[in-house]
Each structure stands twice: as structure tokens, then as C-alpha cells.
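Written out below as C-alpha cells is the structure these notes cover.
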Ligand code: NA7
């Protein structure tokens, strides 16, 4: 890294070139890139430490389901070589240690302020600057505001009557306390069976007195197939760093998994079953990225894989009624974000574990002692809410962002987000949100990193050409947003009942929040912008 400007910017100073919000993997990288490009920069973070998702989601069992070395940073070979990930899919403690290591190695901490959630951010048209207030009572003025606030950072609690009356302990997986939660000998309820719920369940089952899982919709869970990284693999990772970067930096989904070249019914039944077995034993997301090419496009192909998975669930879970409840009926594989598990289905063979199907016995209320469903009350000492997040727009819409003429972002986005490149929205000059809605899909740090690189290059271009106001052209925004909406309907495997479309949050507009054209489209459009001299951004000079 180039030397930081001297004297170093004080994180309490009131005016900076770049204000980054969020100390997750994207915000840390944006801070590093802004400083490296010679801007003064400060990062503010609501939490008490570094990590973002990996700070808040410290529940037992929280871990990557992207391979560790593909999720971490690639900008520094030295960093890559000195950090030896212990497992192919690292657990939260190791991830948090890694991100703290990065922050210290690149001397970023002195530019960071913790316990400082943004409560308001107003664009001042006269000066062309953002005036930002944080929850610790400070205010800052910034030329550029980069909200790296993440897509899964606002926890969602279901609106169940009596939730506040529960006399025991209750936790949301996305707001997990730093002090360890003692599950030993406790009667525990876990509500929700998405990626978080299915990680926490097997991680605590050994400790609890009883575990009751409240499931509204089962998911197509498949094995994560985690393993320690052997010495030989470590050596190979180092030796093949350049090759790995090339693959990760160009792959549509940001993974290393090789693509399959066959469609489902190209293979005779016996070979197809052998391929499915191979997939079942393959790591994490390769069950999507290395699967038959038609998995998400041909409903019959998807159904054949689901049939295989249902048979697997039945073969693991001994009680046939429980097994049947764990098999999804309402959606295909890939329609929801698929969770990857270790010992999840096996946990239901433990007599301490029971599964409540909320479809049959809806949750009526939380009482002081437990949870009441249509068939009665069960008592608990601890309730774990693994009930997800306000995906995509949750954090951005809650930061009090006001653009030109005081327009509120949450009003401008009342019918769903409108963006260009998943990075900017018209009427909010100099505001960028890498890692927000509409960018791509896949291994997040890879395409979020592409966005950070693009933002940094844009700021440098503006500085080099004497501009300081960057505001996307409404037409470019309209085109990108229309492309996102059209793409949402393209794959027949994708229904609209998922957080990708906001359906988990009552009253949220049903708009697609990812980008099904993915990273290749992002690359193409970013290159077009650069080639055109940033035309889509209408660079100008502020009046002041
Ligand atoms: P998810 O994947 O959104 O899962 C949330 C779970 O909570 C899911 O099973 C929901 O059921 C359930 N839920 C939500 N609201 C309720 C109510 N009111 N009652 C009962 N159950 C409810 O969140 P996760 O934290 O597991 O994972 C989020 C991401 O983190 C994941 O994609 C990875 O990227 C890591 P539903 O399916 O809505 O019926």
C-alpha cells in the first residue's frame, strides 16, 4: 500500500474527501482503496468492532459457505500468503480475526470510528458535500459518501404478539452478543430454518436440554462438506495464487468451481445418479455452480435433483413424519438461497429435538414462559430468532439519506430500488453503495470488490479532471433498473417467494434485489462507462 497521507487524518475530523459507512468486508476494502488513492477518508461503523456481517452474526455455527480463500481479499499477495485459513469454510471467529488482521496490517483502524451509526446524511446542494450525523452525536462533512452497509445487515423480527414479554433470554442470529450464550441444560427454541437457523441448530444441539425448531418453510439444504486445509493444499494455494485470482476475477459467480458442460438428461439415469452423488459430496455452492447447465432453467431437471435430495433427507432422518416436514414442497432448488449444512438433518435423530411445522400449527404468540402455537404452549429458557433480514435495501433506507431538494431515499425507492450498476441512484450525487442491491449475484466479496474498484477509479478520474460532483444520469438508471426487472423473470426456476424479492418483509415492494445478468453484465457496463469518459455519470463541478 502507498504511504498514508501525512499527517494522518483524524477519524474525528469534521471534513473528509471520502466517508465510508460500514466496517464489513466491502467497507474495509473501500477505505483501503480510498486512502491508497490519496484521498482523506474516515470509516464510521455502528458496531463495536470490525467485521460487519462477521461482527454481528457470531452465533454458534456461523461460518462461510464460500471457500475461505475465495472470500478473502486478493489485492495483496503478501496478505494472502501470510494468512493461512484453517478450514475450507472458516468459522466466524477465524473470519473476524482475519478482518481485524487486515485492518491492522494496513493501518486502517486509526481511520475508523466504532459505535457510530449514521442517523442522517444530507446532500448540501450549495457546497456539493454530504453532511452526515452519527449516533454518537458527531457530524462530518464529506465530498463522497460510500455506504458499504451490506445487503443482510438489518435483522428482521417477526411481528408475533408478546415477543417483548418473554421472561427468558432471546437473541436474533444477526445481533448475537459478544459474551457467549450458555445453552447448557436449557430448553431452547429456534425460529427459522434459513442459512442461519440450519447452522445454529446442529452447533447447539449437544448442549441443550431440549431444542424445538419452528419451521415455516423448509429449505433445500445440502452438505457444506467442510474440511481442514492440509499443508499440501496450503502450499498449492500459494503456488497457484495468480491462476486463482484470474479465475476469481473473471468468473461470473466469483467461485473457483468448474462449470459442467452437460444438461441433466444428456446423462443416462445411472450416470446422472452418480453425478448427483458427486454433487452431494461437493463443497458448498458447487451444487449450483458446477451442476448440470439446465438445473435452474428446466423444471424437470430441477425436479429430478430435488427428488434425489428428498430421498437423501429420508435416508438420514429416521422419523418419516419429521423427514417429510423437512422436504420443501413449495419451491425448487435455487429459488431460495440454498443453505449448506453440517449435521443438520442428523440433528433431528436426537430425541431432544422436535420440529414444529408452522404451516400446520401457526405461531399465535410469545408468552412470558414460551411460545404458543395452535396446539398449545411450549416453555423455553432461550428463544433464538433466526428469522432473517430486510435484504438489499434495509440499511440504506434507514440511514436518513436525503438527496437534492431534500428528497428521501426511502421515498425515491418506495416502489423498489432504482440504481445504475447497483452503485448510484439519480438525485443523490456523490453517494455510492457498493455491496448494495442490483449489483450481481454469487460470491459477494468478489463483485462488491469490483464495485469498490470502480468507485475508486471514478473518484480518481473526477479528481484528475477537475470535477467533484458525480451523479448518475436518470436514463442510465432507468435502463439498468429495467434490465434488473426483466431479468428477474427470466429463469423458470425462480419464483418470487424469497427475500431476493423482499417477500419476507411485510409491506415491502416485490422487486428483484439482485442482478440475474450477474457479474459479466456488471463488467460490460463498467467498461462502457470508462470507455465513454464516465458519460453516464455526468461529471460536473460543484457551485462552491
Ligand atoms: P433467511 O434465509 O431469510 O431465513 C429466515 C428464516 O426465518 C426462514 O426460514 C423464514 O421462513 C423464517 N421466518 C421469517 N419470518 C418468520 C415468521 N414470522 N415466523 C416463522 N418463521 C419466520 O435468513 P438467514 O439469517 O437464515 O439467512 C440470511 C442470509 O445469511 C443467507 O442467505 C446467507 O447469505 C447468510 P420463510 O422461508 O420466510 O417461510
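The values are calculated or read from the model by the stated rules, or taken from the named source; none is laboratory data. For clarity, every value in this text was computed on a predicted model and none was experimentally measured. As a convention, Cβ positions derive from the backbone with ideal geometry for all residues, glycine included, and neighbour counts pool all protein chains shown.
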Residue 368 being touching a helix residue (DSSP H, G or I) at 6+ places or on another chain (Cβ under 8 Å), part of a loop (DSSP other than H, G, I, E, B) and in contact (Cβ under 8 Å) with a residue 24 or more places away in the chain
yes
Which members of the range 313-335 meet the condition of being in contact with a helix residue (DSSP H, G or I) (Cβ under 8 Å, 6 or more places away or on another chain) and either farther than 19 Å from residue 201 by Cα or not in a helix (DSSP H, G or I) (or both)?
317, 320, 326, 327, 328, 332, 333, 334
The condition of being in contact with a helix residue (DSSP H, G or I) (Cβ under 9 Å, 6 or more places away or on another chain), within 15 Å of the ligand (Cβ to nearest atom) and closer than 22 Å to residue 283 by Cβ holds, among 200, 190, only for 200
Step by step: first the residues of the range 371-394, then only those that are away from the ligand (no atom under 12 Å from the Cβ) and part of a loop (DSSP other than H, G, I, E, B), then the one that is surrounded by the most Cβ atoms within 10 Å (Cβ to Cβ). Which residue is that?
393
Check whether at least one residue in the range 59-67 is at pLDDT 95 or above, touching a strand residue (DSSP E or B) at 6+ places or on another chain (Cβ under 6 Å) and on the phi < 0 side of the Ramachandran plot, and report yes or no.
yes
Which residue out of 132, 181 is crowded, with 17+ Cβ neighbours inside 10 Å, more than 12 Å from the ligand (Cβ to nearest atom), more than 21 Å from the chain's Cα centre (by Cα) and under 26 Å from residue 422 (Cα atoms)?
132
Pick out the one residue from 249, 219, 226 that is more than 16 Å from the ligand (Cβ to nearest atom) and under 26 Å from the mean Cα position of the chain (by Cα).
249
What residue, of 378, 402, is out of contact with any helix residue (DSSP H, G or I) (no Cβ under 9 Å at 6 or more places or on another chain) and touching a residue at least 60 places away in the same chain (Cβ under 8 Å)?
378
So, residue 170, is that one part of a strand (DSSP E or B), in contact with a helix residue (DSSP H, G or I) (Cβ under 9 Å, 6 or more places away or on another chain), at pLDDT 95 or above and within 16 Å of the ligand (Cβ to nearest atom) or not?
yes
